[in-house]
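J.: Supplied in structure tokens, the structure appears directly below.
The values are calculated or read from the model by the stated rules, or taken from the named source; none is laboratory data. Keep in mind it's a predicted model, so treat the numbers as computed, not measured. Cβ placement follows ideal geometry from the backbone for every residue including glycine, while neighbour counts extend to all protein chains displayed. Protein only, heavy atoms only, side chains kept; ligands, DNA and RNA dropped before computing areas. Shrake-Rupley method; radii C 1.70, N 1.55, O 1.52, S 1.80 Å.
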Amino acid sequence: AALAAAAFVAAPAAEETVAGQWTLTTEHLPLGLALMQAGESVTGTLDYPHGPAFQLTGTFKAGTLTFAGDSKGANFTVHLEGTGTLNADGTLSGTIALHFVESDDAQKVVRNRDQMIDWTAKRVGSA
């Protein structure tokens, strides 16, 4: 009986990871998201159609991803802070807060604006 009970001991759960290539979709716009993970630390890039990719840093722990990054062009800077959850189906979903600063050619700030957007992400190659 002891042997039979031992057979039902669960194997340790595979460590969850967000490392890999993802397609992040926000407002119907698909963006490439590449994440690397070492322990709870996460780094990566998020494509940005209006400038250089965001260089991301963050954490992934207890199923929650947090990240932040910046992108800068000739007349703008954008800072983002995001959170997301790894869902049971293997997708990610959450929100991103964006802060835009737009400048004129003399680099004088002409507009600041904030935007909150929802997002989802799916691993590249998943169904």
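J.: For the chain, which whole-number percentage of the solvent-accessible area (1.4 Å probe, protein heavy atoms only) is attributable to carbon and sulfur atoms?
T.: 59
J.: Excluding D89 itself, what net charge comes from residues whose Cβ is under 11 Å from its Cβ, given Lys and Arg +1 and Asp and Glu -1?
T.: +2
J.: With the alpha-carbon atoms as the only input, what is the per residue convex hull volume for the range 28-90 in Å³?
T.: Working: hull volume 5.6 nm³, N = 63.
Value for the range 28-90: 90 Å³ per residue.
J.: According to the Cα gyration tensor, what semi-axes, each the square root of 5 times an eigenvalue, does the equivalent ellipsoid of the chain have, listed from largest to smallest in whole Å?
T.: Working: eigenvalues 298, 35, 28 Å².
For the chain, the ellipsoid semi-axes come out as 39, 13, 12 Å.
J.: I would also like to ask the following. With every protein chain kept in place and ligands, DNA and RNA left out, what is the accessible area per residue of the range 8-127? Probe 1.4 Å, answer in Å².
T.: Counting only protein heavy atoms, the per-residue value for the range 8-127 is 60 Å².
J.: Something else about it: Express in nm, to one decimal, how much length is gained between T91 and T26 on full extension, taking 0.36 nm for each residue of separation and deducting their alpha carbon distance.
T.: So the extension gain works out to 22.0 nm.
J.: Next question, about the same structure. What does the net charge come to around T66 if you take all other residues with beta carbon closer than 14 Å to its beta carbon, with K and R at +1 and D and E at -1?
T.: Summing Lys/Arg as +1 and Asp/Glu as -1 gives -1.
J.: Taking the alpha-carbon distance from K61 and a cut-off under 28 Å, which lysines remain once sequence neighbours fewer than 8 residues away in the same chain are dropped?
T.: Qualifying lysines at Cα under 28 Å: K122.
J.: How much FRET efficiency would the formula 1/(1 + (r/R0)^6) give for D104 and T83, where r is the Cβ-Cβ distance and R0 is 25 Å, rounded to 0.05?
T.: That pair, D104 with T83, gives E of 0.15.
J.: With r as the distance between the Cβ atoms of K72 and M116 and R0 = 22 Å, compute the FRET efficiency 1/(1 + (r/R0)^6) and round to 0.05.
T.: Once rounded, the FRET efficiency stands at 0.55.
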